[in-house]
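Reviewing the structure listed below.
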Amino acid sequence: MGTSWTLRSKHDDDGPGGSFVVGEEFEIHTNVAGQVWTITFADNGLVFFTGDDVSTPAGIREQHPTVNQPGRVQHMTVHALNHATGETIDGDLAVQPVAACGG
């Protein structure tokens, strides 16, 4: 249906005790308030967040971290379903390991 969206992911050191995590940030630019979307984040196929979110006039923004996997490319994915329209959004990106994160 063409709703625009943005997916970002990066390493960060804001895990427990300053440990490294990979954060995933997803935005849906609906410009419509009151839409219910179910959003699912996964890392290398392992789901680490699922939840429903109700859009504001500015849209939806979800941000959640997952455990860093040193030395591995982490394939971050998002799946979103709009309960009112049936629209789905699927996105993915690869986060490369970095030396500062043990990769």
From the list 20, 41, pick out the single residue that is without any contact (Cβ under 8 Å) to a residue 60 or more places away in the chain and hydrophobic (A, V, I, L, M, F, W, C).
-> 41
Residues being farther than 25 Å from residue 31 by Cβ and assigned to a strand (DSSP E or B): count how many of those fall in the range 85-103.
-> 2
Could you please let me know if residue 87 is surrounded by 14 or more Cβ atoms within 10 Å (Cβ to Cβ) and in contact with a Lys or Arg (Cβ under 6 Å, 6 or more places away or on another chain)?
-> no
Evaluate the range 66-88: report whether one residue or more is on the phi < 0 side of the Ramachandran plot, among the acidic types (Asp, Glu) and either free of Cβ contacts under 8 Å to residues at least 60 places away in the same chain or in contact with a His (Cβ under 6 Å, 6 or more places away or on another chain) (or both).
-> no
Unmet criterion (only one of (1) under 23 Å from residue 21 (Cα atoms); (2) surrounded by 13 or more Cβ atoms within 10 Å (Cβ to Cβ)) for residue 92 = (2)
Filter result (out of contact with any Lys or Arg (no Cβ under 9 Å at 6 or more places or on another chain) and farther than 23 Å from residue 96 by Cβ) within the range 41-61 | 50, 51, 52, 54, 55, 56, 57, 58, 59, 60, 61
Collect the residues in the range 53-84 that are crowded, with 18+ Cβ neighbours inside 10 Å and of a type in the set (Ser, Thr, Tyr), keeping them in residue-number order.
-> 55, 66, 77
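Since every read-out is calculated from the coordinates, none of them should be taken as a lab result. Everything quoted here is computed from the prediction, not taken from an experiment. Cβ sites come from the backbone with ideal geometry, for glycine too, and all protein chains shown count toward neighbours.
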